[in-house]
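Structure record follows, encoded as structure tokens.
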Amino acid sequence: MPLQRIPPGPLPSDDQRSSASIAQATAESGLRQRLARMAAGVARLAQGIEQQLSRNTEGEHPSASGLKAGRVYLVGAGSGAGDLLTLRALHCLRQADSVVYDRLVGDDVLAMIPSGVERHYVGKARGHHSVAQEQIGQRLVSLALQGKSVVRLKGGDPGVFGRMGEELAALDEAGIRCEIVPGITAASSACAAMGVPLTDRAHAQTLRLITAQQCREGGEPDWASLAREDETLVFYMGLNKLDAICQGLRGAGLADDWPIMLVANASLPDQQSLIGRLEDMPRRLAQSPLPSPCLIIVGSVVTLAHQRLEREAHAVTEPVTLSNV
């Protein structure tokens, strides 16, 4: 609807213009002062955190880097976006002697590793492991025994399908002390990016994180226990198992039109998603392939994402131009 034309009023006098200019300058000055105080507060907070973290690393033979020598830090790199990295993780990266990192660690995070720090790539992709898991544990032990502070950098959270337990076992067996630094896991990041909660009082009272690598012959999940309408299911590493997941849940009692959502590259600029139903999602994925890593979210909370996308698609605001003012 065109805006109504408002008849022009009398032009302001010189005194009125001068008063308005003074008021505007005063407001801008106050805003600049508030912003300066906020920036100073943030700087003091960051400095305090750095000092506290430095105090935590004192007293146990620190290496040249400042972290404790001969210790391994199992650090979660989050879902890829650099600004989702925790302050503790950033502190570890800045003071590490060696960084051992995975394939899913984002480029933004890798860029935060200081020059001169040793880098060891041990990434894994489906059907191809650059370094065997046993060798990764041996490398962590070897680096720590050289007196280095070692950051084992894992995508997401190191304790969520990150094979952290196997590396902890290798370190414990060798008597190497370690510290775990959690990160933002893909499930949290994906749903945040889509603007929906993993749990909602009206939709889900339970959240389950499931590795889709079990969806193979002889390793099927208990579909009957998963086919509930009062919970949210999140399948990791499941893009190539999507058909088995949809069939398993439908066969166990979930409706054909039960909501499902795929989110690839969550939190990154090239994030992609698909929203559909159990009965048609394999076909939709075949028509519009998504890259890996891709998260599979099943549950009625997915309807909230669908509703948000529909509102955004219909939110059309008429631009204001000279012709309709």
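Each value in this text was obtained by applying a stated rule to the coordinates, not by laboratory testing. All of these numbers come straight from a predicted model, not from anything done at the bench. Neighbour counts run over all protein chains shown; Cβ positions are idealised from the backbone, glycine included.
Here are some notes:
- As a rough footprinting exposure proxy, the listed residues Phe161, Phe235 were ranked by other beta carbons within 10 Å of their own, and the order from fewest upward is Phe161, Phe235.
- Straight-distance crosslink candidates among lysines, where the alpha carbon sits under 21 Å from Lys154 and sequence neighbours closer than 8 are dropped: Lys68, Lys124
- Cα→Cβ-extended label distance, 7 Å offset, between Asp256 and Asn240, nm: 3.0 nm
- Computed extension length for Glu279-Thr303: 7.1 nm, one decimal, from 0.36 nm per residue of separation with the Cα-Cα distance subtracted.
- Per-pair calculated FRET efficiency, R0 = 41 Å: Ser142 and Ala111 via Cβ, rounded to 0.05: 0.95
- Derived value for the range 187-311: Kirkwood hydrodynamic radius 14.3 Å. Basis is the mean of 1/r over every pair of different alpha-carbon atoms.
- For Thr185, neighbours were defined as the other residues whose beta-carbon sits under 15 Å from its Cβ, and their charges (Lys and Arg +1, Asp and Glu -1) total +1.
- Measuring nothing but how far apart in sequence close Cα pairs (under 8 Å, 6+ apart) lie, relative to its length, the range 71-184 scores a relative contact order of 44 percent.
- Cα gyration tensor shape for the range 71-184, rounded if a/c is under 1.5, else prolate or oblate: rounded
- Förster radius 25 Å - calculated FRET efficiency between Leu268 and Val131, Cβ distance, rounded to 0.05: 0.50
- Cβ-Cβ FRET estimate between Glu310 and Leu207, R0 fixed at 25 Å, reported to 0.05: 0.50
- Sorting 260-268, 105-113 by average packing, meaning the other beta carbons within 10 Å per residue, from highest down gives 260-268, 105-113.
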